[in-house]
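For reference, the structure is listed below as structure tokens.
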Amino acid sequence: MFKRVTVLVLILGLFAACQAEVQVIDKPKIMVSLFPQYDIIRQIAQDKVDVEFFLPAGVEPHNYEPSASTLMRIVEADLLVYTSEGLEPWVKRLVEGNALEGLVLLDASQGISLIEADHEHEDDEEEEAEFDPHYWLDPLNMIIMSESILNALIEIDPENEVFYTTNAEAYIASLNDLDASWKDLFERSALNQIIYGGHFAFGYLSHRFGLEILSPYSGYAPDAEPSAQALAGLMDVLKEKDIHVIFYEELIDPRVARIIAEQAQVEIEVLHGAHNLSVEDMQAGWTYISIMEDNIAKLKEALRYE
Ligand SMILES: [Zn+2]
């Protein structure tokens, strides 16, 4: 009798172990290359998918190339969500060089009206994308991205359609609230100019709300060096407009912003473009929406929101 019970427990235990293993294997595997899209996936799919955000924490996405082992995991996944061929030219090579059976590819820029690269900010030395790649900085584009991601999730995992749709609706509602906060900021602010010691990432906000961004940089590439002339021009604007804060971008040492701020004796603050998070911010649970709420709070001070 005792022996029988033991055997039965063992069998049940094995059965449970197998089931647990099967469940893990069964989760759709998603590979994603940029933080905003990763955040949308985790808000909508939660624990129903196995998602890997493969841009390493703290790494800037411009000029990033996935390693051979990452490419291998992409090929074996069910869904790849990427930003655009402009920002991620390796996607084109991956598609051309592999059969990619069973992999759904989602270009997250699909359905979005991309704005042309600002020619004033074009950099002669580097090959520039024809379109400004930072479309995720307009919350209305985040809504379009959420809808595309929802459709892709339903395509690879139709069983959880109701779950995904419910979460997507809730997430889109909070993106609409965020959009209302951006509108309110620009409607009730006395100023519309900021000085930004970073690469030109906020073109979509600038385009939609008339925010004027003065930058010593001339292109999208964050490693470009500003000219002495551009720096001197900014110093003049600072004094003329009585600006008290210089913004800098995330993930890059704010060397240039610091130089200008020290000379002009003003504050520096990060204005986060949500390309990626640092290891600390990732662990602290930052989301696209919390990043943007923080940006709005800082801009309220800088633009003299009433
Ligand atoms: Zn950028």
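The values are calculated or read from the model by the stated rules, or taken from the named source; none is laboratory data. Model, not experiment: these values are computed from the prediction. Don't worry about glycine lacking a Cβ; one is built from the backbone with ideal geometry, like all the others, and counts go over all protein chains shown. Heavy atoms of the whole protein, side chains included, go into the accessibility calculation; ligands, DNA and RNA do not. Shrake-Rupley method; radii C 1.70, N 1.55, O 1.52, S 1.80 Å.
All of (1) open to solvent by 40 Å² or more (accessible area, probe 1.4 Å); (2) closer than 23 Å to E116 by Cα; (3) more than 17 Å from the chain's Cα centre (by Cα); (4) not β-branched (V, I, T) hold for L140 with one exception: (3). E212 falls short on exactly one of the conditions (1) of a type outside the set (A, V, I, L, M); (2) free of Cβ contacts under 8 Å to residues at least 40 places away in the same chain; (3) out of contact with any Ser or Thr (no Cβ under 8 Å at 6 or more places or on another chain), and that condition is (3).
The single condition among (1) open to solvent by 30 Å² or more (accessible area, probe 1.4 Å); (2) within 14 Å of the ligand (Cβ to nearest atom); (3) touching a strand residue (DSSP E or B) at 6+ places or on another chain (Cβ under 8 Å) that I268 does not meet is (2). For the range 283-306, the set of residues classified as part of a helix (DSSP H, G or I), open to solvent by 50 Å² or more (accessible area, probe 1.4 Å) and farther than 17 Å from K183 by Cα consists of Q283 only. The set of residues from the range 60-86 being within 16 Å of the ligand (Cβ to nearest atom) and surrounded by 14 or more Cβ atoms within 10 Å (Cβ to Cβ) comprises E60, P61, H62, Y64, Y82, T83, S84, E85, G86.
Working only within the range 239-254, note down all residues that are open to solvent by 10 Å² or more (accessible area, probe 1.4 Å) and either among the polar types (S, T, N, Q) or away from the ligand (no atom under 14 Å from the Cβ) (or both). Passing the criteria: K239, E240, K241, D242, I243, H244, V245, D253, P254. Taking into account only those residues within the range 206-259 that are under 20 Å from N192 (Cβ atoms) and β-branched (V, I, T), which is modelled with the lowest pLDDT? If we take residues in the range 206-259 being under 20 Å from N192 (Cβ atoms) and β-branched (V, I, T), then V237 is modelled with the lowest pLDDT.
Determine whether the range 87-100 contains at least one residue that is within 16 Å of the ligand (Cβ to nearest atom) and either among the aliphatic types (A, V, I, L, M) or in contact (Cβ under 8 Å) with a residue 60 or more places away in the chain (or both).
yes
Would you mind stating whether A257 is crowded, with 22+ Cβ neighbours inside 10 Å and assigned to a helix (DSSP H, G or I)? Considered against the rule, which asks whether it is crowded, with 22+ Cβ neighbours inside 10 Å and assigned to a helix (DSSP H, G or I), A257 comes out as yes.
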